[in-house]
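A short write-up of the structure that comes next.
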Amino acid sequence: MKEFHIIQNILADIPDDLMRENIQFIHSLALIPKEKIAFHAADADGIISAAILKSLPKYREAVFVPLHYSQLKHPEYGAFLSGLNWLAIVDLPPFNNHTLELYCDHHISNISTIKNASLVLFNHEAPSAASILLSYFDKSLDILNDLRLLANLTEITDTYGYTTSPPINLPARFLESSKEEQAWLLDDLCRSLDSTIEILALVEGFVCNGTQIFEQEIYLNKIRSLRKRREKAKEASNKIPVKDAIIIIQGKEKVQSPTLIHYLFEKGVKFTCLLYPGKRFVGVSLRLGPLIPDESLNKYRVDKIAEIFEGGGHPRAAGGRGSNLEKTLDIIIHYMNKNKFSYDIVDFREK
């Protein structure tokens with residue numbers, strides 16, 4: 001009966017039907033009486049990290065559970081997840097109550113958190129969790145060469161270390177593309193997945209087929225679809241006047257945020273805040289652009305703001321969750337006034 005109330009409480013906070021189905025599926029995975037591995041969902045670093053572990057014999061038969069930060073922060077559901085017996089957690093905060101066999105992460109916001117694990121692979125200076133796992137396991141175990149390549153690509157995807165604009169068209173072939181084109185393909189594919197089942201299928205696909213995944217029409221169509229939405233996001237960015245900072249309130253039909261942010265930074269915006277209003281909570285995503293130089297980063301770092309929203313991340317990219325839209329806006333506007341940023345609020349709910 002207790003399990004029923006937990007899942008009903010979290011579903012009450014989620015208006016989107018597909019997201020509700022995903023939560024129910026994740027809940028069913030969590031209840032399977034087998035060893036479990038948690039990884040960051042719909043994220044290239046989390047997915048490739050999971051594929052690396054799944055390629056190793058000792059982790060192959062575990063139940064892999066893709067999780068979002070919002071699920072960990074949910075009052076009832078977060079407590080439920082924390083109480084499970086996890087074998088490993090990768091690319092997520094150490095939310096476990098019980099001792100893990102393995103914990104791996106690189107987010108600076110988790111430096112001071114207690115890592116209750118027999119093996120802790122943590123380096124806040126590493127570009128990705130996948131690169132840490134690759135470095136550790138590559139010395140003693142035979143990991144597929146394709147996974148090596150994909151893990152190296154997460155060093156671009158997870159730091160958003162692109163020097164090229166978000167692409168609209170597909171390159172001819174994955175292996176004939178430049179490293180940045182490959183990183184975009186990996187990033188776009190991982191962001192294009194709609195369901196938990198698709199995420200788990202992609203993890204298995206990377207283990208079994210490596211980069212041949214990018215030759216499969218089902219995945220190429222997903223990337224094409226995402227890149228069509230990218231065109232619309234680029235058009236939306238052209239209509240937003242340049243200020244030091246832009247706050248974007250997402251509506252029901254969400255504008256593709258990575259593309260929107262990229263072009264806003266390209267136009268001269270220094271800081272972006274994306275807000276995702278829900279029934280009980282507001283998702284918060286914060287980014288600093290390249291116009292904020294590394295030597296000034298400590299003054300503006302957004303992982304510190306994310307801590308106010310019970311979140312975290314990197315100095316240039318972080319997120320969390322606010323209690324309501326009005327209070328969340330107050331905190332973000334205070335940050336901008338403190339740093340003397342001019343700003344504009346773009347509300348896509350009005351479109």
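For K36, a cut-off of 16 angstrom between C-alpha atoms picks up these lysines, skipping any fewer than 8 places away in its own chain: K54, K58. Cross-link partners of K115 among aspartates and glutamates, defined as those whose alpha carbon lies under 16 angstrom from its own and excluding same-chain residues fewer than eight positions apart: D91, E101, D105. A Gaussian network model of the chain, with springs between Cα atoms under 10 Å, assigns the largest mean-square fluctuation among K304, K36, K252 to K252. Short to long, the 10 Å bins of the Cα pair-distance histogram for the stretch 82-130 hold 31, 57, 12 percent of all pairs.
Taking label positions 7 Å along the Cα-Cβ direction at both I218 and K232, the computed distance is 2.5 nm, reported to one decimal. Classified by the C-alpha gyration tensor, the stretch 128-285 has a prolate form. Its axis ratio a/c, with a ≥ b ≥ c, is 1.5 or above, and a/b is larger than b/c. The calculated FRET efficiency for the pair K34 and K299, based on their C-beta separation and a Förster distance of 51 Å, comes to about 0.60. Largest mean-square fluctuation among T196, T164, T99, in a Gaussian network model of the chain whose springs join Cα atoms under 10 Å apart, belongs to T164. Place a label point 7 angstrom from the Cα of S135 along the Cα-to-Cβ direction, then list the residues of the stretch 28-49 whose backbone nitrogen is under 19 Å away. Only 45-49 fall inside the zone, counting backbone N under 19 Å.
Here the 3J(HN,Hα) profile of the stretch 100-110, calculated from phi with Karplus coefficients 6.51, -1.76 and 1.60 at θ = phi - 60°, is 8, 7, 9, 10, 9, 6, 9, 6, 5, 5, 9 Hz, Gly and Pro shown as x. Report the trypsin sites (Lys or Arg not before Pro) located in the stretch 139-205 that are in a DSSP loop and have at most 12 other Cβ atoms inside 10 Å of their Cβ, or state none. Hits after loop and neighbour filter: K139, R173.
Karplus-based coupling profile of the stretch 332-343, in residue order and whole Hz: 5, 5, 4, 4, 5, 5, 4, 9, 6, 8, 6, 8, with θ = phi - 60° in 6.51 cos²θ - 1.76 cosθ + 1.60 and x standing for Gly or Pro.
Within straight-line reach of K279, meaning a Cα separation under 24 Å, sit the following lysines at least 8 residues removed in sequence or on another chain: K2, K73, K252, K254, K327, K351.
Remark: the stretch 239-350 projects, on average over all directions, an area of 6.5 nm² (convex hull of Cα atoms). Take the Cβ atoms of S342 and N85, set R0 to 30 Å, and the FRET efficiency comes out at 0.05. Comparing D294, D45, D188 in a Gaussian network model of the chain, where Cα atoms under 10 Å apart are tied by springs, the biggest mean-square fluctuation is seen for D294.
Every number here is computed from the coordinates shown, using simple stated rules; none is lab data. Not measured: the values here are computed from a predicted model. Neighbour counts run over all protein chains shown; Cβ positions are idealised from the backbone, glycine included.
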